[in-house]
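Asker: Input: one structure, supplied below.
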Amino acid sequence: MTIEMLFMATGGLGFFFFGMELLSDGLKKVSGEKLKSFLHSATKVPVIGVIAGATVTCLIQSSSATSVMTVGFVNAGLLSLRQAIPVIMGANIGTTFTAWLVSSMSVFKVTDYSLPAIGIGFLLTKAGKTRRSRSAGQVILGFGLLFTGLSFMKDAFIPLKNSSATIRIFAELGQKPVLGVMVGIIFTVLLQSSSATIAIVQMLAFNGVLSFPAAIAIVLGDNVGTTITAQMAAVNTTIAAKRTAMAHSMFNVLGTAYMMIFLHTGIYENAVYLLVPGEISSANIMLHIAVAHSLFNVVNTMVFLPLTEWLEKISVLLVPEKEGAVKVGTQYLEKHLLETPGIALELVKKETVYMLSLAAESVSLAFESFIKNDLSNVKKTAKLEDAVDNLQSEITQYIVELSGKGLSEDKTGQLPVLIHIVNDIERIGDYSENIVELAERKIEEKLPLTARALTALNLMWAELNVMMIETGDLMAGRNNSTAEKILAHEEKINRFQADLKKGHVDRLNRRECNLKSSVVFLDLVDNLEKIGDHLSNIAQGIAGGMIWRDRKHQSPDRP
């Protein structure tokens with residue numbers, strides 16, 4: 001390959017990538033957020049999930065974007081892993097549309113219109129009066145650049161057909177399909193784009209450099225390679241993302257394995273000939289490759305769609321959740337779902353429920369350390385408290401970003417209340433740190449508490465624990481809890497505080513306990529009562545319809 005050929009091929013590939021990016025971004029903007037809503041709502045039935053995944057991928061020209069959206073819905077708890085798998089299968093089918101688009105250049109001479117498309121698209125992006133017209137211009141510009149890149153690549157590969165060494169090397173791929181699969185995997189991993197790999201294969205085949213059997217082998221490898229890039233992207237992500245990537249890898253790798261048998265026996269090749277009758281020539285080989293690519297993904301989906309439950313179970317088995325580990329970071333918030341503000345608001349509420357569960361667990365472990373004189377859970381308590389602090393920051397930032405996304409007036413009024421709720425939960429988490437310090441002091445100084453004092457503390461804790469559970473239920477919208485019940489618990493806790501203080505002073509006067517023990521005991525009672533105050537604040541915010549009405553939101557001083 002000469003320097004001129006290399007420059008033309010790499011430049012053409014650059015145009016192709018840039019055109020694909022513009023085309024994909026433009027289509028996303030033109031379609032707005034309706035595609036996300038469609039994807040979210042069309043996954044109740046597996047077959048509909050496949051259709052939704054294929055449709056969205058065809059429209060936005062990016063299987064990766066569809067996968068990211070789907071994983072986002074799984075992370076947010078809006079889709080289960082079982083519902084997500086058919087969508088990913090559909091995305092596999094939808095991404096083959098690019099191969100069909102590329103094959104059209106040999107049938108309709110689309111490249112003749114690529115330069116005018118670039119000119120028209122550029123004018124629209126700069127002079128369009130509406131956002132929609134500018135986005136449409138971006139689509140047209142991307143379309144023109146994509147086919148200009150393909151034209152450069154086609155011309156760059158022409159001299160290769162006169163090279164006997166090149167022809168001999170590529171002929172090996174047809175005779176040794178496993179080698180072809182490996183080439184497809186490597187190309188896709190290096191380029192980070194299955195569409196680019198297929199486009200290069202189509203250009204090479206169009207110029208007579210690559211035989212059809214060799215092209216099929218590389219196509220199969222491409223389908224494996226695209227799952228490796230997905231696995232690499234999922235390394236530092238959530239369990240949901242890793243499991244989704246694992247399911248994707250399983251059905252693509254297993255599909256490639258049995259399709260290799262069909263390729264070796266000639267069944268795969270003959271099936272393509274049946275679908276696209278006629279002799280293979282440079283004029284129609286690109287169409288044959290597009291059909292082969294689609295055939296693999298359609299057949300593979302038909303095979304594995306009934307096995308979705310099995311794929312889910314294996315994915316969960318291969319990507320287990322660490323037992324006892326404290327989850328760090330948000331569990332439901334997804335940045336790209338900010339563009340669907342109604343859904344994003346519901347995710348904020350789910351995240352606050354999760355945040356309260358961590359704060360409640362932290363306080364529970366701290367109280368247990370105090371009562372049992374056992375500091376074995378101190379590290380976990382601290383990690384939970386740190387996680388709560390982190391969530392306060394993440395949720396607040398998300399709410400700030402959400403406030404500018406065009407929520408209705410009623411829903412916008414909920415945002416200040418949610419920020420106050422998040423702050424109250426964070427302060428509840430802070431009390432676990434206070435209680436651990438009291439436990440450490442009690443153990444280090446060997447401070448005794450009477451059986452009556454411990455019994456009274458356990459009774460107060462039981463009331464507070466029920467209050468925390470019911471507050472979580474109220475926040476989650478469960479029918480078994482009401483704000484009135486929570487406020488009634490708060491009154492009982494206030495009475496507990498008054499009675500315990502009075503009773504302890506009486507025991508102190510009777511010399512039944514020492515002064516240092518009294519300080520620790522009374523500090524713990526005060527901490528528990530303040531937690532009740534913050535839970536009461538949350539209940540009052542929800543009782544007010546989650547609407548901000550410029551009322552003073554009472555909150556005790558920070559511990």
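All of the numbers you see were taken from the coordinates with simple rules; none came from a lab. As the structure is a computational prediction, the values presented were derived from the model and not from experiment. All Cβ positions, even for glycine, are placed from backbone atoms using ideal geometry, and neighbour counts span all protein chains on display.
Asker: Rounded to the nearest 0.05, what FRET efficiency do HIS336 and GLU409 give with R0 = 35 Å and r taken as the Cβ-Cβ distance? Could you check? Can you show the working numbers first?
Answerer: Details: r = 25 Å, r/R0 = 0.70.
In this case the efficiency is close to 0.90.
Asker: Now for a separate question. Please go through region 432-462 and write out the GluC sites (Glu not before Pro) that DSSP classes as loop and that have at most 13 other C-beta atoms within 10 Å.
Answerer: Numbers: sites: GLU433, GLU437, GLU440, GLU444, GLU445; in loops: GLU445.
In loop regions of region 432-462 (DSSP not H, G, I, E or B), the sparsely surrounded GluC sites (Glu not before Pro) are GLU445.
Asker: A follow-up question, please. By counting other Cβ atoms within 10 Å of each Cβ, how are PHE187, PHE18, PHE73, PHE370 ranked from fewest to most?
Answerer: So the residues, fewest neighbours to most, are PHE18, PHE187, PHE73, PHE370.
Asker: While we're on this one: Label HIS264 and VAL378 with points 7 Å out from Cα along Cα→Cβ: what is the distance between them in nm?
Answerer: 6.3 nm
Asker: Along Cα→Cβ, 7 Å out, is where each label goes; now give me the distance between the ones at VAL178 and VAL303 in nm to one decimal.
Answerer: Taking the two extended label points, one gets 1.8 nm.
Asker: Using the number of other C-beta atoms within 10 angstrom as an exposure proxy, rank ILE531, ILE542 with the fewest first.
Answerer: Arranged by neighbour count, lowest to highest, ILE531, ILE542 become ILE542, ILE531.
Asker: Stretched out fully, how many nm does the piece from THR130 to LYS492 gain, at 0.36 nm a residue minus the Cα gap?
Answerer: Once the chain is fully extended between THR130 and LYS492, it gains 124.3 nm.
Asker: Which of THR330, THR55 comes first, and how do the rest follow, when ranked by fewest Cβ neighbours within 10 Å?
Answerer: In increasing order of surrounding Cβ atoms, one gets THR55, THR330.
Asker: Pairs LYS242/LYS405; LYS335/LYS372; LYS372/LYS501: which are spaced more than 32 Å apart, C-alpha to C-alpha? Each step should come with its number before you reach the end.
Answerer: Working: LYS242/LYS405 30 Å; LYS335/LYS372 43 Å; LYS372/LYS501 22 Å.
Checking Cα-Cα distances, LYS335/LYS372 exceed 32 Å.
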